[in-house]
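Asks: To start, I am sharing the structure in question, which I have written as structure tokens.
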Amino acid sequence: MKLLSHHSRFLLISLAIVCSGNNWLPAAPPVDREGVLFFEAKIRPLLVKHCYACHSRASDPVEGGLRLDTRAGWKKGGDSGPVITPGKASTSRLLKAVLYTDEDLAMPPDAALPVTEINLLREWINRGAPDPRTNEIPKTTTGPINWAAARRYWAFRPLDTSPPPKAQDVSWVRTPIDQFILSRLDQARLAPAPRADRRSLLRRISLDITGLPPTPREQAAFSSDRSPGAWSRVIDRLLASPAYGERWGRHWLDVVRYADDQLKTEYFYRSLPHAWRYRDWVVRAFNEDLPYDQFVLQQIAGDLLDPPHNPDGIVAVGMLGLGLLYQDDGGTPDGVAIARAETLDDRVDTVTRGLLGLTVSCARCHDHKFDPIPTSDYYSLAGIFNNTGYVESAPLVTPQAVKRRQAALDYVTSLSTALEAAEKKGTAARQADLATALAIAVRATPPMPALAHSVKDTGNKDMAIALRGNLRKPGPVVPRRFLQALTPGPPPAFTSGSGRLELGRSITSPTNPLAARVIVNRLWQHHFGRGLVATASNFGSLGARPSHPRLLDWLASRLIAAQWSLKQVHRDILLSATYQLSTKTTPVQLETDADNLLLWRMPLRRLDIEAWRDSILAVAGTLDRRIGGPASSSLLTTSRRTVYGAVRRDNQTASDALLRLFDFPNPRAGSGGRATTTVPQQQLFALNSPFVQSQAHALAQHLRQESRHVDTRLDRVFRLLFARGPTDSERSLAHAFFSTTPAPHDDTGLWSQYCQALLVSNEFLFRP
């Protein structure tokens, strides 16, 4: 029999291992909710303004046979064929038309669109041209809002503080969470899955809380600890780990569209070299369990809090300062106005979707079609940010310290000038005295202070409604204030500076139930793969209703009662029997609730790119555990955690390509959750990437140093990667691989290939 080549054998063992362990279930095509929101907020108003007059049902005739008022219209195209190629703006006739590269194709015919709007169209097409419109124009709701009726919508109601329901099997219940879950399961006549084994539980919670697998020492300690408080001690240890803030800080950075640069255009690029300070502040805030109400307030108005010039406050408002800053270098009045409007919209959208779970930006041009958010509410919030300026390099010291440094620098300059003059005159004694004084002055000069991207108040003026979203067509002036649907009566006007301080306090006010609901839902989502509200950044009528509304409110009430401690909510979730369920299924359960909406089991979930990459580094023994500091330029070469890699809106680096390949969100807008795709390129990267290969080689070297025996190495590597020993079949497969070729003096190469096969296996890639 002809022996297989060494490379062929590696491919075979890779396939055998990759396909073993957990079942690979192809993910369903994700719903691009972020893309839909982008269309509604940015693209639909643009099309209405510039295109509908000639390319809609209302136009007579329809120019060129092209309709742009429906999804089917642009998909069909006009007399000259299709106008949009989803995902490929550069080849789309629509983009060529608005770029005015062809006189016969130039649109709109009167004048070219501002660069800002062209860039929006380009981004929309490159996103895949998401468009929720049907073939018919949707009916709009007109008339005044019935505020009493509007406030009865579930998301705007006060928190339900009724006690948890009673469950039939009290022996299964570990926390009140389980009472809510089991009550729903009882109604559906469903039994929960059995409890996961201790190995799976330890790996699950370690990956969830820290984004890293448990070490063999941690595995041994948990295995030997059979006392009643063992699980609770694991929870406390992991929540106290610095890695907790790195893991959960990254979740928050998704929400606030964190990036290390501005979106690059033909005319403008904004570098953000100090962005990492905000990222580090977020990580530290999670680790210190900064109360969530303070966490929110700091990011909205930290620069305005006592004590004044607090470095943490200056850094925390980076949530606003690191946003998109639109520019129109053409300088046309329309272009400048559009750029300003887009910049304000970025701030409104980030705050309202991120903190309140509401699509307020849909009310930029008209009253919200579905939720009780009038256009006046949008400009009440936009007015706050219209009085907020951006500080590109804010010193993290007091103004007095800045003055002292400047005075010292001025003194150094004066001594240098005097010394030059003395050198020209040849006065040796004077030169010596001045040189001595200069050296002393240089040493005494305070160092350059740390800098951050921040904001500051620039005014105290209310803003006029922009008619149809056009800032050059002002309507009535509206006071700066909070959303009307979230206040018991008419909201009071904000009068203190820009209004940011009052806005921050309104968001976490006892009268606003949304802030607590939204954040506990985000915590639940990251533990279970789906929130109790599936649309984590949309609690409005177009979003999903909660699967367990009373549980959602119990968690929100628990957060507030625990002085807004996020760690306490984590503990409540992690201690529950619900969290400790296995991923096992039965035909009856699948038939009754195939989507697991009732949470009868723990969903099997693939690791995100951060947890997978960091886990590879951890088991290979190469992970750099230093916390904080400037961003690393390349995730393919650095050994630092992924959270410390540079995130680019410009999407031009190999690191960006790696992140996007594994479903990292687009940082041009806040993201409420990540899609999970399964594409061949992901596994091809895992099998062929020099990064994965180098880490597999490092792991093999560690194994070689520890032992020369195959079985000892196998036990060690399986313990590192999977928190278990190899099965008999896995051990036999490994021995077959190593025995087909005579073992060289240094078998690191063979072991490198074997380790790589394990690193790309389903079991390593999935959280149990």
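Asks: Kindly evaluate F737 against the criterion of being modelled with pLDDT of 95 or more and surrounded by 16 or more Cβ atoms within 10 Å (Cβ to Cβ).
Replies: On the way: modelled with pLDDT of 95 or more: no; surrounded by 16 or more Cβ atoms within 10 Å (Cβ to Cβ): yes.
Taking the combined requirement at face value, the residue does not satisfy it.
Asks: Among the residues of the range 260-281, are any at pLDDT 95 or above, within 25 Å of L607 (Cβ to Cβ) and of a type in the set (A, V, I, L, M, F, W, C)?
Replies: yes
Asks: Tell me yes or no: at least one residue of the range 487-504 is at pLDDT below 95 and under 27 Å from V569 (Cα atoms).
Replies: Yes: the range 487-504 contains one or more residues that are at pLDDT below 95 and under 27 Å from V569 (Cα atoms).
Asks: Yes or no: A534 among the small types (G, A, S), buried (at least 21 other Cβ atoms within 10 Å of the Cβ) and under 24 Å from the mean Cα position of the chain (by Cα)?
Replies: Details: among the small types (G, A, S): yes; buried (at least 21 other Cβ atoms within 10 Å of the Cβ): no; under 24 Å from the mean Cα position of the chain (by Cα): yes.
No, not satisfied.
Asks: Considering each of V455, V478 in turn, give the residue that is over 30 Å from the mean Cα position of the chain (by Cα), closer than 30 Å to P333 by Cβ and not small (G, A, S).
Replies: Working: V455 fails: over 30 Å from the mean Cα position of the chain (by Cα).
Going through V455, V478 in turn, the sole match is V478.
Listed here are the residues, each with its yes/no results for (1) in contact with a helix residue (DSSP H, G or I) (Cβ under 7 Å, 6 or more places away or on another chain); (2) assigned by TED's automatic domain parsing to the domain that holds E763; (3) within 30 Å of L451 (Cα to Cα).
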site: L212; (1), (2), (3): yes, no, no
site: A220; (1), (2), (3): no, no, no
site: D254; (1), (2), (3): no, no, yes
site: S271; (1), (2), (3): no, no, yes
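Asks: Oh, and also: Provide a single number: the residues in the range 399-432 that are among the polar types (S, T, N, Q) and closer than 13 Å to P446 by Cα. Talk me through it step by step, then tell me what you get.
Replies: Pass one, the range 399-432, residues among the polar types (S, T, N, Q): 400, 406, 413-414, 416-417, 427, 431.
After this cut, where a residue has to be closer than 13 Å to P446 by Cα as well, the list is 400, 406.
Within the range 399-432, residues that are among the polar types (S, T, N, Q) and closer than 13 Å to P446 by Cα number 2.
Asks: Right, here's the next one. Applying the selection to the range 669-690, what residues are surrounded by 19 or more Cβ atoms within 10 Å (Cβ to Cβ) and either within 13 Å of the chain's Cα centre (by Cα) or not aliphatic (A, V, I, L, M) (or both)?
Replies: Start the filter on the range 669-690 by keeping residues that are surrounded by 19 or more Cβ atoms within 10 Å (Cβ to Cβ), which leaves 669-673, 686.
Hits for the range 669-690 are A669, G670, S671, G672, G673.
Asks: Scanning for something touching a residue at least 12 places away in the same chain (Cβ under 8 Å), in contact with a helix residue (DSSP H, G or I) (Cβ under 9 Å, 6 or more places away or on another chain), closer than 28 Å to Q705 by Cβ and surrounded by fewer than 20 Cβ atoms within 10 Å (Cβ to Cβ), does the range 575-589 turn up at least one residue?
Replies: There is no residue in the range 575-589 that is touching a residue at least 12 places away in the same chain (Cβ under 8 Å), in contact with a helix residue (DSSP H, G or I) (Cβ under 9 Å, 6 or more places away or on another chain), closer than 28 Å to Q705 by Cβ and surrounded by fewer than 20 Cβ atoms within 10 Å (Cβ to Cβ).
Asks: Something else about it: In the range 361-396, what residues are among the hydrophobic types (A, V, I, L, M, F, W, C) and in contact (Cβ under 8 Å) with a residue 40 or more places away in the chain? Can you show your working first?
Replies: Applying the first criterion (among the hydrophobic types (A, V, I, L, M, F, W, C)) to the range 361-396 yields 362-363, 365, 370, 373, 381-382, 384-385, 391, 394, 396.
Within the range 361-396, C362, C365, F370, I373, L381, A382, I384, F385, V391, A394, L396 meet the criteria.
Asks: Of all residues in the range 157-176, which are aliphatic (A, V, I, L, M) and either surrounded by 15 or more Cβ atoms within 10 Å (Cβ to Cβ) or touching a Phe, Trp or Tyr at 6+ places or on another chain (Cβ under 6 Å) (or both)? It would help to see each step written out before you state the result.
Replies: First, pick out the residues of the range 157-176 that are aliphatic (A, V, I, L, M): 159, 167, 170, 173.
The answer is L159, A167, V173.
Asks: Is it the case that some residue within the range 47-64 is in contact with a strand residue (DSSP E or B) (Cβ under 6 Å, 6 or more places away or on another chain) and buried (at least 17 other Cβ atoms within 10 Å of the Cβ)?
Replies: If we filter the range 47-64 for residues that are in contact with a strand residue (DSSP E or B) (Cβ under 6 Å, 6 or more places away or on another chain), which is where we start, we get 64.
Keeping just the survivors that are buried (at least 17 other Cβ atoms within 10 Å of the Cβ) gives none.
No.
Asks: Is it true that some residue in the range 261-279 is on the phi < 0 side of the Ramachandran plot, part of a helix (DSSP H, G or I) and charged (D, E, K, R)?
Replies: yes
Asks: Got a number for residues in the range 177-198 being surrounded by 17 or more Cβ atoms within 10 Å (Cβ to Cβ) and outside any loop (DSSP other than H, G, I, E, B)?
Replies: Kept after step one, since they are surrounded by 17 or more Cβ atoms within 10 Å (Cβ to Cβ), are these residues of the range 177-198: 177-185, 190, 192-193, 196, 198.
If we keep only those that are outside any loop (DSSP other than H, G, I, E, B) as well, we get 177-185, 198.
Total meeting the criteria: 10.
Asks: Give the range 613-627 a look and list any residue that's part of a helix (DSSP H, G or I), of a type in the set (A, V, I, L, M) and farther than 11 Å from A696 by Cβ, or say none.
Replies: L617, A618
Asks: Confirm whether A339 is in contact with a Phe, Trp or Tyr (Cβ under 6 Å, 6 or more places away or on another chain), small (G, A, S), buried (at least 19 other Cβ atoms within 10 Å of the Cβ) and more than 23 Å from L483 (Cα to Cα).
Replies: Against the criterion (in contact with a Phe, Trp or Tyr (Cβ under 6 Å, 6 or more places away or on another chain), small (G, A, S), buried (at least 19 other Cβ atoms within 10 Å of the Cβ) and more than 23 Å from L483 (Cα to Cα)), A339 qualifies.
Asks: Condition first: surrounded by 14 or more Cβ atoms within 10 Å (Cβ to Cβ), over 30 Å from L750 (Cβ atoms), within 37 Å of the chain's Cα centre (by Cα) and at pLDDT 80 or above. Can you find one or more residues in the range 16-38 that meet it?
Replies: No, every residue in the range 16-38 fails to be surrounded by 14 or more Cβ atoms within 10 Å (Cβ to Cβ), over 30 Å from L750 (Cβ atoms), within 37 Å of the chain's Cα centre (by Cα) and at pLDDT 80 or above.
Asks: Take the conditions loosely packed, with under 14 Cβ neighbours inside 10 Å, at pLDDT 90 or above and part of a helix (DSSP H, G or I) and apply them to D410. Does it pass? Walk me through how you get there before you give the answer.
Replies: Values: loosely packed, with under 14 Cβ neighbours inside 10 Å: yes; at pLDDT 90 or above: yes; part of a helix (DSSP H, G or I): yes.
Yes; evaluated as a whole, the condition is true for this residue.
Asks: I'm trying to understand the selection: among the residues of the range 711-725, which are surrounded by fewer than 18 Cβ atoms within 10 Å (Cβ to Cβ) and either farther than 13 Å from C755 by Cα or aliphatic (A, V, I, L, M) (or both)?
Replies: Selection gives D711, T712, R724, G725.
Asks: Scan the range 449-470 for residues that are at pLDDT below 90 and not in a helix (DSSP H, G or I) and jot them down.
Replies: Answer for the range 449-470, where residues must be at pLDDT below 90 and not in a helix (DSSP H, G or I): just N470.
Asks: Can you say whether D208 is part of a helix (DSSP H, G or I), surrounded by fewer than 20 Cβ atoms within 10 Å (Cβ to Cβ) and among the acidic types (D, E), as far as the supplied structure shows? It would help to see each step written out before you state the result.
Replies: Details: part of a helix (DSSP H, G or I): yes; surrounded by fewer than 20 Cβ atoms within 10 Å (Cβ to Cβ): no; among the acidic types (D, E): yes.
No.
Asks: I would also like to ask the following. Which residue, of R233, R226, R217, is charged (D, E, K, R), farther than 25 Å from R606 by Cβ and touching an Asp or Glu at 6+ places or on another chain (Cβ under 8 Å)?
Replies: Details: R226 fails: touching an Asp or Glu at 6+ places or on another chain (Cβ under 8 Å); R217 fails: touching an Asp or Glu at 6+ places or on another chain (Cβ under 8 Å).
Just one listed residue meets the conditions, R233.
Asks: Name the pairs: first residue in the range 73-102 and farther than 15 Å from H55 by Cα, second residue part of a helix (DSSP H, G or I) and hydroxyl-bearing (S, T, Y), Cβ to Cβ under 8 Å, at least 6 apart or on different chains?
Replies: T85/T91
Asks: Can I ask one more? Pick from L297, L290, L324: which is assigned to a loop (DSSP other than H, G, I, E, B), in contact (Cβ under 8 Å) with a residue 60 or more places away in the chain and surrounded by fewer than 24 Cβ atoms within 10 Å (Cβ to Cβ)?
Replies: Values: L297 fails: assigned to a loop (DSSP other than H, G, I, E, B); L290 fails: in contact (Cβ under 8 Å) with a residue 60 or more places away in the chain.
Selected residue: L324, the only one of L297, L290, L324 that is assigned to a loop (DSSP other than H, G, I, E, B), in contact (Cβ under 8 Å) with a residue 60 or more places away in the chain and surrounded by fewer than 24 Cβ atoms within 10 Å (Cβ to Cβ).
Asks: Let me ask something else about it. Report yes if some residue within the range 660-668 is crowded, with 20+ Cβ neighbours inside 10 Å and not in a loop (DSSP other than H, G, I, E, B); otherwise report no.
Replies: no
Asks: Do we find that T487 is surrounded by fewer than 17 Cβ atoms within 10 Å (Cβ to Cβ) and among the β-branched types (V, I, T) in this structure? Quick ask: steps written out before the conclusion?
Replies: On the way: surrounded by fewer than 17 Cβ atoms within 10 Å (Cβ to Cβ): no; among the β-branched types (V, I, T): yes.
No: the conditions fail for T487.
Asks: Which residues, counting only those in the range 600-637, are polar (S, T, N, Q) and at pLDDT 95 or above? So that I can check it myself, show each step before the final result.
Replies: Taking the range 600-637 as the starting set, the residues that turn out to be polar (S, T, N, Q) are 615, 622, 632-634, 637.
Hits for the range 600-637 are S615, T622.
The values are calculated or read from the model by the stated rules, or taken from the named source; none is laboratory data. None of these values were measured; they are calculated from a predicted model. Ideal geometry is used to build each Cβ from the backbone, glycine not excepted, and the neighbour counts take in all protein chains shown.
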